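The values are calculated or read from the model by the stated rules, or taken from the named source; none is laboratory data. On a predicted model such as this, the values are computed, not experimentally measured, just so you know. Cβ coordinates were reconstructed from backbone atoms using ideal geometry, including for glycine residues, and neighbour counts include every protein chain displayed. SASA here: full protein model, heavy atoms, side chains in, ligands and nucleic acids out. Shrake-Rupley method; radii C 1.70, N 1.55, O 1.52, S 1.80 Å.
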Amino acid sequence: MTPALRLRGLSRRFGKTIAVDQLDLEVPRGSFYGFVGPNGAGKTTTLSMATGLLRPDAGTAEVAGIDVWRSPTEAKRRMGVLADSVMLFNKLTGEQLVTYSGLLRGMSRDTVAPRCADLLRVLGLQEASGTLVQDYSAGMTKKVALASAMIHAPELLVLDEPFEAVDPVSARTIRGLLESYVASGGTVILSSHVMDMVQRMCTHVGIIAHGRLLASGTLDQVRGDTDLESRFVELVGLDGGDQELSWLRL
């Protein structure tokens with residue numbers, strides 16, 4: 001079966017810094033894939049190249065076998081993206097933003113309207129649907145961006161830190177929504193720093209550091225006989241974790 005996402009030799013340099021170094025990755029269809037790594041590991045850069053937001057220096061990215069850079073319209077039609085720090089049209093209301101995202105995908109207004117209402121209701125944004133996005137809190141902004149990514153029912157969802165700034169109740173709702181989506185045949189790629197959450201939610205995981213993929217496979221294959229956090233530290237290395245400051249004592 002063609003993978004939901006296939007990366008081959010993906011590379012990107014910023015000046016003298018190598019952000020992603022000839023990275024190969026396959027994400028199986030129907031998987032809940034956790035993409036984890038320390039700060040500066042290359043997670044966001046990798047996902048930006050994989051989804052057509054950042055052109056790679058070398059390598060290829062394919063969504064359902066479609067080259068993201070040779071056939072961008074066809075590839076992007078199949079995915080929904082919640083990117084890190086991408087500006088939204090914040091002069092629109094929440095309802096207008098999600099509606100616009102659906103119309104931009106070529107959906108009819110008759111289809112968009114009920115889907116938009118459903119998403120805003122499930123994500124707890126119904127009362128704020130008429131509020132400008134610029135007046136949303138950080139958590140509300142994250143949720144309306146997620147709704148915009150899901151409105152067209154894509155085959156693949158690529159989510160960069162989707163739970164950041166989201167309250168526990170909303171986080172639980174989002175988890176249920178994503179788990180139901182995967183159970184119905186969708187694929188989720190989730191970038192996160194929270195190992196416990198990745199371990200609870202994901203069926204597969206990839207660990208990246210210094211722009212290179214250190215491990216990839218099912219959750220059980222990657223963590224082995226230990227927990228994911230311990231395996232992560234083993235692969236990435238413990239930098240300063242055993243240090244203390246003599247002056248920081250009361």
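Per-residue answers, yes or no, for (1) among the hydrophobic types (A, V, I, L, M, F, W, C); (2) in a helix (DSSP H, G or I); (3) over 21 Å from L159 (Cβ atoms):
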residue	(1), (2), (3)
S48	no, yes, no
T60	no, no, yes
G80	no, no, no
S85	no, no, no
V98	yes, yes, no
G102	no, yes, no
G106	no, no, yes
T111	no, yes, yes
Query - Top-ranked residue in region 149-191 [being charged (D, E, K, R) and in a loop (DSSP other than H, G, I, E, B); ranked as modelled with the lowest pLDDT] - result: E164
Query raised in the report: Of the numbered conditions (1) in contact with a Gly (Cβ under 9 Å, 6 or more places away or on another chain); (2) over 23 Å from L53 (Cβ atoms), H152 satisfies every one except a single condition; which is it?
Result: (2)
Query raised in the report: Are any residues in region 21-50 open to solvent by less than 10 Å² (accessible area, probe 1.4 Å) and farther than 27 Å from D227 by Cα, and if so, which ones?
Result: M49, A50
Requested in this report: Identify the single condition in (1) open to solvent by 40 Å² or more (accessible area, probe 1.4 Å); (2) in a strand (DSSP E or B); (3) within 16 Å of G206 (Cβ to Cβ) that I18 does not satisfy, given that it satisfies every other one.
Outcome: (3)
Query raised in the report: Out of region 158-168, which residues are within 14 Å of L123 (Cβ to Cβ) and in contact (Cβ under 8 Å) with a residue 40 or more places away in the chain?
Result: L159, P162
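Give me the residue from region 85-104 that is open to solvent by less than 60 Å² (accessible area, probe 1.4 Å) and of a type outside the set (S, T, N, Q) and, out of that set, nearest to the chain's Cα centre (by Cα).
It comes out as L88.
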Query - Cβ pairs under 8 Å, 6+ apart, first in region 94-120 and among the hydroxyl-bearing types (S, T, Y), second modelled with pLDDT under 95 - result: Y100/F89
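Looking at this structure, is A64 in contact (Cβ under 8 Å) with a residue 40 or more places away in the chain and either crowded, with 18+ Cβ neighbours inside 10 Å or in contact with a helix residue (DSSP H, G or I) (Cβ under 9 Å, 6 or more places away or on another chain) (or both)?
The answer is yes for A64.
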Query raised in the report: Out of all the residues in region 113-134, is one or more in a loop (DSSP other than H, G, I, E, B) and of a type in the set (S, T, Y)?
Result: yes
Report task. Give the number of residues within region 21-46 that are more than 24 Å from D220 (Cα to Cα) and in a strand (DSSP E or B). Result -> 2
Query raised in the report: Which pairs do you get when a residue that is in contact (Cβ under 8 Å) with a residue 12 or more places away in the chain and buried (at least 18 other Cβ atoms within 10 Å of the Cβ), found in region 184-210, comes within reach of a residue that is part of a strand (DSSP E or B) and among the acidic types (D, E), reach meaning Cβ atoms under 8 angstrom, with the pair 6+ apart or on two chains?
Result: S191/D160
Requested in this report: Provide a single number: the residues in region 62-76 that are assigned to a helix (DSSP H, G or I) and among the small types (G, A, S).
Outcome: 1
